[in-house]
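Derivation of every value follows stated rules applied to the coordinates shown; laboratory data play no part. Computed from a predicted structure; not experimentally measured. Here the Cβ positions follow ideal geometry from the backbone for every residue, glycine too, while neighbour counts run over all protein chains shown.
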C-alpha cells in the first residue's frame, strides 16, 4: 500500500507540472492555431531562471522556506519573454503549418544556445529546497509537502484559467477569436493584442511549470527535448485544443511514467508511446478532443 501511494502521489506531482505546460500548448493552439515546439525551451528557461532567483533570495538572507512564492514569481516574470517571441510568430500566422513548426523549432535551438550562454552546460540544482517544508505521513508513506503544494498550485491555476475563459468578458472575446478570427476582428476585437496576451499566458504556464519542477530534479540542457515528448503525448491523448483533455492526458502520462519508473525503468518512454499509439488507433481525435470533418 505504501509503495502504491508513493507511485500515485509521485505521478500526480509530475502530472501537475506537465499539465501547466500542456495547458499552455492547448491555449496557444486553441486560439492561434500554432503548434509551439519551443514549449520545452520555455519550461527549461523557467527552471534555470528559478534557480538563479532562489540563489539571489538566499544571498539576501531570506529563509529557504520562502522559496515557493519566489518560484511562482520567477516563473511568471520570465514568462514575459513570450511577448517578443509572439511578435516574431506574427510572420507565420497565415502561413502553412510547416512554416510554424520550422520557426518554433528554430526558436528551440536558439533558446538552447541562450541557456548555454547564461548558465553553462553543467546541470544546475537547487540544494535543500525540495524538503524545505518537510514531509507528512499518510498510509505509511513519507510525502514531501512540496509535492502537495505543487499539486495544489496547479489545481488553483487550472481553476483560475477555466473561470477566466468561461466567465470574464476578455475570456469570451478570446473564445470568440478562437472560433473565428476574422469575425471577431470585424466586430471590434483587437486580435493582435489578444494573440500577444494568449501566447504570453501560454508561455507563462510553461515557465511556471519549469520553475516548480526544478527543486525535485536538476535543470539541464536536455530538458526541452524530454519535455516536448511528454507534452505532445498529453496533447495527443487528451485531444488537440481541449483543456480538459490536457488535464486528463497529464494525469495518465504522470501515473504511467511513475509506475514504469518504479517497476520497469527501461520502459519509461515506451509505455507513454504505447498509450499514444492506442489512443491514435481507437480515438484519433483524442479522448476528449472533437473530431473534425
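Overview of values
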read-out: For the chain, built as a Gaussian network whose Cα springs stay under 10 Å, the top-fluctuating residue of 117, 68, 49; value: 117
read-out: Principal-axis tilt of helix 2-32 within the chain, Cα atoms, nearest 10 degrees; value: 20 degrees
read-out: Degrees between helix 268-282 axis and first principal axis of the chain (Cα, 0 to 90, nearest 10); value: 30 degrees
read-out: Burial ordering of 200, 125, 207, fewest other beta-carbon atoms within 10 Å first; value: 125, 200, 207
read-out: Proxy reagent accessibility, fewest Cβ within 10 Å first, across 198, 21, 8; value: 8, 198, 21
read-out: Relative contact order of the stretch 2-216, defined on C-alpha pairs under 8 angstrom at six or more residues apart (%); value: 46 percent
read-out: More than 16 Å apart - percent of Cα-Cα pairs taken over the stretch 64-112; value: 54 percent
read-out: Whole-angstrom gap from the stretch 160-207 to the stretch 221-278, using each part's C-alpha centre; value: 27 Å
read-out: Alpha-carbon centroids, the stretch 117-147 and the stretch 7-43: separation in whole Å; value: 21 Å
read-out: Sorted largest first, extent of the chain alpha carbons per principal axis (Å); value: 58, 49, 37
read-out: Value of Rg to Rh for the stretch 156-293 (Rh from inverse mean 1/r over Cα pairs, i.e. Kirkwood); value: 1.03
read-out: Residues 98, 217 arranged by fewest to most Cβ contacts within 10 Å; value: 98, 217
read-out: Ellipticity estimate at 222 nm from DSSP helix runs (n ≥ 4, -39,500 (n - 2.57)) divided over the chain, nearest 500; value: -24000 deg cm²/dmol
